[in-house]
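Structure record follows, encoded as structure tokens.
The values are calculated or read from the model by the stated rules, or taken from the named source; none is laboratory data. The structure presented is a predicted model; accordingly, all values stated were derived computationally and were not measured. With ideal geometry, Cβ positions are generated from the backbone for all residues, glycine too; neighbour counts draw on all protein chains shown. Each accessible area value is taken on the protein alone, full model and side chains, heavy atoms only, with ligands, DNA and RNA left out. Shrake-Rupley method; radii C 1.70, N 1.55, O 1.52, S 1.80 Å.
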Amino acid sequence: MSKVFINGTDFMNMVLSGANVLHSNVEKINSLNVFPVPDGDTGTNMNMTLTSGIEYIQSKSSDHIGEMAEAFSKGLLMGARGNSGVILSQLFRGFTKSVHELNEINAVQFAAALQQGVDTAYQAVVKPIEGTILTVAKESAKHALFVSHQTDHIIELLEEVINEAKKSLARTPDLLPVLKQAGVVDSGGQGLVFIYQGFIEALKGSFNVDSNVMHHTDYQKITINKPKPAQSNIATEDITHFYDMEFFIHLSKEVHFDESVLRKKLAEIGDSIVLIPDDDFVKVHVHSNSPGDVLNLTIQYGELTRLHIQNMRDQHREIVEETNSIQEDETFNEKDETSITSVEPKTFGMVTVSSGDGISDVFSSIGVDYVLFGGQTMNPSTEDLVKAVESIHAKYIFILPNNSNIILAAQQVKNLIEDKEVIVIPSKTIPQGLSAALALQDMNDVDENEHLMNQAIQDVQSGCVTIAVRDSQMNGISINEGDYIGIQENQIVTASNEIIETSKELLQLMITEENEMLTVFIGEGMAAQHTDILVQFVEESYPDIEIEVIEGGQPIYDYIFSVE
Amino acid sequence: MSKIRFVTDSTSDIPLEIREKYNIEMVPLKVHFGQKVFLDAITIQSKEFYEKLAVSNVLPTTSQPSPVDFLNVYKKIYEEDPNCTIISIHLSSAMSGTYQSAVLAKSLLDEGVDLHIVDARSASYGIGVLMVEAVKAYENGKNKDEILEIVAKLREDIRIYFLVDTLEYLQKGGRIGKAASVVGSLLNIKPILSIDDEGEITSVDKVRGKKKAINRIVDVLKEDFSMTDVDMIIVHSNDISNAKDFSQLLKEQFQVHNVKLTSLSPVIGTHVGPGTLGIIMRPRSNE
């Protein structure tokens, strides 16, 4: 089968198929993820990013490839999550720039669009690292340019692109030593190869291209993984909750609304939970088998409006309703904007990201306006960050991502917010975020605060203790699965099979004579006696240091240490 | 040149011997422990106050002098020196009605008296330093306008920073001003407090832990007085040893010409609580 042009419908089929192939391989991609942080969520992040792209493109129906690419790109940008997700969104932003006026594109134009995607992505990333998805995209696009002058057939071109992408992927360990150490190829690059494979399947017709059918099957598969904690990820076949509920709570002034509490309670009776707080309203999305319980629970927080409850087995109706609720969501936003502008904005606002109720409470107590749930296991999307920024009525908003995988997504927010200035303070750890938040002074001007907050990040040392998920060899340290590893900044510096041992070693590496303050954030479910032993150890070894112990409640990390 | 007399209030923390030396009149504010009323720095002294505060189960409250309290002092001065000029320097009007009482007292006097009431827009020795400087200028032959100018200039030149053990006292007494945003934090945050140009308490920075806070004050002062010789007054809530340590640390970092240590008066102590430590620094005076 030969194809010389691809139009809007072809493009939609390609991205649906690409998302589908990626979706089937999420776990495989996650298992490769060691760079920049071995947190195993690249696949999840790319999947969620694509899901958002799919939502947007499915709201359109056009043969015009420019229009379709634009919708897809907008969706990716809104849903961008994690470094790979952000880079993916930039690849398609560039692609879209190249094709946006075109009805259909040929091989040469396709190759040029890939190249423009690469250029855009490289510009968007502050410090492009080779041996990642960027390299795979770059080398395969370059090859596409070359091949596009030799063939008119897009399938042939794509086959060449995939071959080159695979070769490039195989070379990533040579470019990035951390990959070689772990004996893996780059996870984001692997994700891109899967997407390209989906493209070609769609064009070859091996993927079902009847667009109606695809709407259903593919849409459902993918949207099931809408934003929610990664640990609650479920596979399609495990869906037991088939009432899809979506509504708004108009928050009552008398009741204190705590997002994390509601999230926990909803998780007991449903899944696929999405909560989007927005000033007086919370948008709720949940799948449950007992819709009555969901309503009884949520009505405690205030009046419920715009209820949509669908039986997901009725697929046709689901799509119609989903489209309606997207439209309603937009009107809701417009209304909301007009209602806030009547009050003078404050000068500074802060948004941060944290998991762990204790840490989130600390952030709120020191003046952070919005604490998004997330971190290592769950990177909030650009859209989540945009929502948070929009909800704060201030002239300047500082975003403290507290994780290297969220920094890029945070930087995207700047492009999506018009009426406020968004400044990203690139905090990579919780201690850095806390120090930066404390450095903000209302009386300073914005530049001065930005400077002080960046300075604060430099003045604090971060450490954490967690359990190794696989055997490995890092920085000359042999680590066995199940060992407690001590991480200083982003380097594993010590490991042992004993939590106290690892914690002491790590603290000894972190604390020097000049330090004055140690803060210990205790992780979820940690035994108190461990902490007592550690505190006693520090008091005896470093009598001059002040110690503050906080029930952080964070998952994954048994301890987070902040030394300053 | 007409004679000039000087009046302050008890919150200026000028020790009795200096007041006597320079003939400075002092109008006391009041401290209330339950039903019992004390005259600040007259019927209750710092040492006794802080001991009482530690064991009392009611928190003390304070009240400003009444206009009549001022009126009596002003009348007494005019009886002694009928055509003199009075310069009366007082606690920040943003923190207390003391200044207001003095102004009311003036309105009760005959028109034509030469009485200048100055809002120090400060507290403790931040007022005291202005008062003492004014008296010294007078002794050096400066006239009224020159003295008022010197006071205004010095108000710009001095820096005040202080630390409190807990913000609870400032908050309960309603004097927390612009530092209110620091209250309620779940971390052991030490705000570096100061008094701004409007005479209101403000937080110039916030750090974790007392030691860091003290070091931060030293850093901030270094920015303010990089190459200058300075005079300084350390104020404390009856905790002389902490004050001495702080003084020692500062002497290592600055060219200190003149040092005083003084205890915060009971009225100020009521609003900042025990464990307070403060520094008032100024460029070295030309005496």
Item checked: Net +/- balance of residues flanking A:ALA495 in space, Cβ distance below 9 Å, scoring K and R +1, D and E -1 -> -2
Check: Taking springs between alpha-carbon atoms closer than 10 angstrom, which of B:THR270, B:THR166, B:THR262 fluctuates most in the Gaussian network model of chain B?
Finding: B:THR166
Margin query: Solvent-accessible area of A:LEU307, probe 1.4 Å, all protein chains present, reported in Å² to the nearest ten, please.
Written below: 80
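What is the mean number of Cβ atoms from other protein chains located within 10 Å of the Cβ atom of each residue in peptide B:202-211, rounded to a whole number?
Neighbouring Cβ atoms belonging to other protein chains average 6 per residue here.
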Next item on the list: Could you go through region A:190-200 in sequence order and give the Karplus-derived ³J(HN,Hα) for each residue, using 6.51 cos²θ - 1.76 cosθ + 1.60 with θ = phi - 60°, rounded to whole Hz, and x for Gly and Pro?
Entry: 4, x, 5, 4, 4, 5, 4, 4, x, 3, 5
Item checked: Computed helical MRE - 222 nm, chain B, DSSP H runs ≥ 4 contributing -39500 (n - 2.57), nearest 500 -> -12000 deg cm²/dmol
Notebook entry, point to check: Sequence-distant or interchain residues sharing an amide H contact under 5 Å with A:VAL422, placed H: which?
Noted result: A:ILE397
Item checked: Of all DSSP beta bridges in the protein assembly as shown, antiparallel share, percent nearest 5 -> 65
Next item on the list: Report, in degrees rounded to the nearest 10, the 0 to 90 angle that the Cα long axis of helix A:42-58 makes with the longest principal axis of chain A.
Entry: 50
Checklist line | Amide H contacts under 5 Å for A:ASP186, placed H, 5+ residues apart | finding: A:THR172
Margin query: If each DSSP helix of 4+ residues adds -39,500 (n - 2.57) and the sum is divided by the residues in chain A, what number results at 222 nm, nearest 500 deg cm²/dmol?
Written below: -16500 deg cm²/dmol
Notebook entry, point to check: Is there a simple number for the mean count of other chain Cβ atoms within 10 Å of the Cβ of residues in A:361-367, and what is it?
Noted result: 4
Note to self: Tell me which trypsin sites (Lys or Arg not before Pro) from region A:1-74 have a DSSP coil assignment and no more than 16 other beta carbons within 10 Å of their own.
What the structure shows: A:LYS60
Item checked: Solvent-free Debye scattering, log10 I(q)/I(0), computed from the Cα coordinates of region A:346-458 at q = 0.15, 0.23 Å⁻¹ -> -0.53, -1.37
Notebook entry, point to check: Which net charge results for the neighbourhood of A:GLN458, defined as the other residues with beta-carbon distances under 14 angstrom from its beta-carbon, given Lys and Arg at +1 and Asp and Glu at -1?
Noted result: -4
Checklist line | From phi via Karplus (6.51, -1.76, 1.60), per-residue ³J(HN,Hα) for region A:250-266 in Hz, x at Gly/Pro | finding: 8, 4, 6, 5, 7, 9, 7, 9, 10, 4, 5, 5, 4, 4, 4, 5, 5
Margin query: Amide H of A:GLU551 versus every other amide H placed in the peptide plane: which residues, excluding those fewer than 5 positions away on the same chain, fall under 5 Å?
Written below: A:ILE522
Check: Residue by residue through region A:22-31, which ³J(HN,Hα) values in whole Hz follow from phi under the Karplus form 6.51 cos²θ - 1.76 cosθ + 1.60 (θ = phi - 60°), with glycine and proline marked x?
Finding: 4, 4, 5, 10, 3, 5, 4, 5, 4, 5
Checklist line | Computed accessible area, A:ILE545, all protein chains, 1.4 angstrom probe, square angstrom | finding: 20
Notebook entry, point to check: B:TYR99: net charge of surrounding residues, Cβ under 12 Å, Lys/Arg +1, Asp/Glu -1, itself excluded?
Noted result: 0
Next item on the list: Kindly identify the protein assembly as shown as rounded, prolate or oblate by the Cα gyration tensor criterion: order the square roots of the eigenvalues as a ≥ b ≥ c, call it rounded if a/c is under 1.5, otherwise compare a/b with b/c, prolate if a/b is larger, else oblate.
Entry: prolate
Next item on the list: Provide the packing ranking of B:197-209, B:233-245, i.e. peptides ordered by the mean count of other C-beta atoms within 10 Å per residue, highest first.
Entry: B:197-209, B:233-245
Margin query: Could you sort A:ILE299, B:ILE4 by their accessible area in this structure, using a 1.4 Å probe and putting the largest first?
Written below: A:ILE299, B:ILE4
Item checked: Probe 1.4 Å, all protein chains present, accessible-area order of A:VAL184, A:VAL469, largest first -> A:VAL469, A:VAL184
Check: So which of A:LYS253/A:LYS395; B:LYS36/B:LYS172; A:LYS180/A:LYS428; B:LYS190/B:LYS212; B:LYS3/B:LYS76 end up more than 18 Å apart, counting from Cα to Cα?
Finding: A:LYS253/A:LYS395; B:LYS36/B:LYS172; A:LYS180/A:LYS428
Check: Tell me, what is the 1.4 Å probe accessible area of B:SER10, in Å² to the nearest 10?
Finding: 10
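How shielded is B:185-193 by partner chains, expressed as the average number of their Cβ atoms within 10 Å of its Cβ atoms?
Rounded to a whole number, the mean comes out at 4.
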Next item on the list: Please list B:210-220, A:189-199, A:128-138 highest first by mean number of surrounding beta-carbon atoms within 10 Å per residue.
Entry: A:189-199, A:128-138, B:210-220
